[in-house]
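A.B. asks: Have a look at this one before I ask anything.
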């Protein structure tokens, strides 16, 4: 066979194979998009960051759910806009809700995903889920395996028990939803590889209220604005709430115990945290309240106790002519109550209480403490008097950085903070400093009498 003949046959084979390969690629692409790829999010126009949910078929899920009635059958039979009252029992997932329904469990209704993929996708508007247990998601972070994935607006999700899931409740491009009175628990994994308990992604104006989130990774909001977190309780997770590029969010009257970090504001503008109790953030980098390049945030009537660092602030406030205001907060029994690493100033402290901390104030840089404003705060270390009985100390309260504060630069040395050696060094430094100490903070009118506690109860 001549070379020319061989080349002719090869070209013909390639020409025949190419359309088939293209067809297979097209089919694979359609399958990869998943059933949620055609969702209409026109009611909330924005940059499309939609990631399709791949619902794994029932027959590929754990054998423990084989033989259970698929919950999807009940959803499919229910008319649009109706109320679906579900009898008590165990049902199998996955479930994909794409029409407006009210689904209420009567008794104990369990929807089990069989440890594969996402269990329940709510991809509609103005639906209600109530009194359900959703459990058994997969373990894939790449696929965002979730117990409840919300991709719609104006939905109500309440009284759900979310357990044994990688991600608990995940809102993506979903606005004006109410998520309240739910219990969320992750899978029994190491802290860093758990999924988030409640996660918002490009989701705005939602109410996250009275939820119990335990043993998860974070509650987190990415690029999500004007949400309200109210009355929630978080325990034994990493971040109680973590904001990233999320503006004007409100965090009020929550209780966060035994998490690595309390509330962390990162690259955020506007918002407030008030009336919260944050306790026992005691990890190596544990802090009750944290800031990273954030501006115009109000912290009011919070109680931050038993944390390694009460407040850790990095380059905050970030924008020129902005502030971070601390008003009537209590910082008690922390390693460092306030730690500021910015030399820009702009922090304002009014009416706060400092008691029982190893140190009340640490300011990075030399002599930069005067750029922050302190007025009418109470310090249990204040050594002045109130001879005119006007409620304010007669002399300013000043915080200096002496050479003995090397223990602040070396965390392991904090163990020795109250040892006789360091106490003697501290006394000698104040008596005859080896070098000129740096002024950290000055309160011209410190409170002389400790204010009454504004938040009832504390962590046990």
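A.B. asks: If we only count strands (runs of 3 or more DSSP E) wholly inside the stretch 218-280, which ones have 2 or more residues that are in the same structural domain as residue 184 (by TED's automatic domain parsing) and at pLDDT 95 or above?
C.D. replies: Result: empty, no element qualifies.
A.B. asks: Of the conditions (1) modelled with pLDDT of 60 or more; (2) part of a loop (DSSP other than H, G, I, E, B); (3) surrounded by 11 or more Cβ atoms within 10 Å (Cβ to Cβ), residue 390 fails just one. Which one is it?
C.D. replies: (3)
A.B. asks: Here are some conditions: (1) surrounded by 24 or more Cβ atoms within 10 Å (Cβ to Cβ); (2) more than 15 Å from residue 203 (Cβ to Cβ); (3) within 12 Å of the chain's Cα centre (by Cα). Residue 246 meets all but one. Which one does it not meet?
C.D. replies: The single condition residue 246 does not satisfy is (2).
A.B. asks: Something else now. Could you run through the stretch 199-217 and say how many residues are assigned to a loop (DSSP other than H, G, I, E, B) and either at pLDDT below 90 or under 12 Å from the mean Cα position of the chain (by Cα) (or both)?
C.D. replies: Residues flagged as assigned to a loop (DSSP other than H, G, I, E, B) and either at pLDDT below 90 or under 12 Å from the mean Cα position of the chain (by Cα) (or both) within the stretch 199-217 amount to 3.
A.B. asks: Does the stretch 298-325 hold any residues that are closer than 20 Å to residue 255 by Cβ and buried (at least 21 other Cβ atoms within 10 Å of the Cβ), and which are they?
C.D. replies: Those that are closer than 20 Å to residue 255 by Cβ and buried (at least 21 other Cβ atoms within 10 Å of the Cβ): 299, 302, 303, 304, 305, 306, 307, 308, 309, 310, 311.
A.B. asks: Against the definition (over 16 Å from the mean Cα position of the chain (by Cα) and assigned to a loop (DSSP other than H, G, I, E, B)), how does residue 326 come out, yes or no?
C.D. replies: no
A.B. asks: Out of all the residues in the stretch 114-136, which are touching a residue at least 40 places away in the same chain (Cβ under 8 Å), out of contact with any helix residue (DSSP H, G or I) (no Cβ under 8 Å at 6 or more places or on another chain) and assigned to a loop (DSSP other than H, G, I, E, B)?
C.D. replies: 115, 117, 118, 119, 123, 125, 132
A.B. asks: Considering each residue of the stretch 168-220, count those that are without any contact (Cβ under 8 Å) to a residue 24 or more places away in the chain and within 20 Å of residue 127 (Cα to Cα), and give that number.
C.D. replies: 0
A.B. asks: Of all residues in the stretch 439-460 being at pLDDT 80 or above and more than 20 Å from residue 362 (Cβ to Cβ), which is surrounded by the most Cβ atoms within 10 Å (Cβ to Cβ)?
C.D. replies: So the first thing to find is which residues in the stretch 439-460 are at pLDDT 80 or above, and the list is 441-452.
Among the residues that remain, those that are also more than 20 Å from residue 362 (Cβ to Cβ) are: 444-445, 447-452.
Numbers: 444: 14, 445: 17, 447: 21, 448: 18, 449: 10, 450: 13, 451: 14, 452: 6.
That would be 447.
A.B. asks: Would you point out the residue of the stretch 188-198, among those that are in a loop (DSSP other than H, G, I, E, B) and buried (at least 24 other Cβ atoms within 10 Å of the Cβ), that is modelled with the highest pLDDT?
C.D. replies: In this case the residue turns out to be 197.
A.B. asks: Scan the stretch 263-279 for residues that are out of contact with any strand residue (DSSP E or B) (no Cβ under 6 Å at 6 or more places or on another chain) and at positive phi and jot them down.
C.D. replies: Correct list: 267, 270.
A.B. asks: On to the next question. Report the residue count in the stretch 329-361 for those that are closer than 18 Å to residue 274 by Cβ and part of a loop (DSSP other than H, G, I, E, B).
C.D. replies: Number satisfying all stated conditions: 3.
The values are calculated or read from the model by the stated rules, or taken from the named source; none is laboratory data. On a predicted model such as this, the values are computed, not experimentally measured, just so you know. FYI the Cβ positions are ideal-geometry reconstructions off the backbone, even for glycines, and counts take in every protein chain you see.
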